[in-house]
Each structure stands twice: as structure tokens, then as C-alpha cells.
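Structure record follows, encoded as C-alpha cells.
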């Protein structure tokens, strides 16, 4: 999938994707088949933003960027079709 945008962190650009997924946050939204558009980034960005030992952002800038992202996908999935990315996010985010 072609990225919708890029995010810059520590001098490197990381792709961002906008995908539509079924909103399963509440039982009602899932039953009504409500969709939501979410921002997805690659695991390589998560590896830079999040301290693997603590699970917390490495600094305030990282925290701000992480708060913009709904879910992280494996880097190799970024080359797939939008529907495959959306399916992966839907299957793994809830």
C-alpha cells in the first residue's frame, strides 16, 4: 500500500497509513458494523519510539508521535494491499 503520509523521527522518515477497520471498541459499534479510520505505522517506528524494557515512550517527542498512531504493523506488511493491512489491524488490535 502506498503510504498516506510520513512521520519524521531522529532524522528518518517512517510511513503512515490510513485504513478503515470495523470499530469493535463497543459491542454496539461492532453490532452496527460501524467503521473507523485509523493511523497505522510500521514496527520499525515503534522500535524507535518505545523503550523495549519499559514499554514506555523514550521521550516526550516519542510520546507525542506514539499518541497519533493507533497500531503498529510488521514492516513487511506495509507493502501489501490496504485490505490486508486493515484485516491484520482488525485481527490484532482488539
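The values are calculated or read from the model by the stated rules, or taken from the named source; none is laboratory data. Everything numeric in this text was worked out from a predicted model, so none of it was measured. Every residue, glycine among them, receives a Cβ derived from its backbone with ideal geometry; neighbour counts consider all protein chains shown.
Things to note:
- Members of the range 64-76 that are assigned to a helix (DSSP H, G or I) and in contact (Cβ under 8 Å) with a residue 12 or more places away in the chain: 65, 66, 75
- Here residue 82 passes the criteria (1) buried (at least 17 other Cβ atoms within 10 Å of the Cβ); (2) in contact (Cβ under 8 Å) with a residue 40 or more places away in the chain except the one numbered (1).
- Hey, residue 14 touching a residue at least 24 places away in the same chain (Cβ under 8 Å), part of a strand (DSSP E or B) and on the phi < 0 side of the Ramachandran plot or not: yes
- Qualifying residue in the range 24-34 (condition: at pLDDT 95 or above and either more than 21 Å from residue 94 (Cα to Cα) or surrounded by 14 or more Cβ atoms within 10 Å (Cβ to Cβ) (or both)): no
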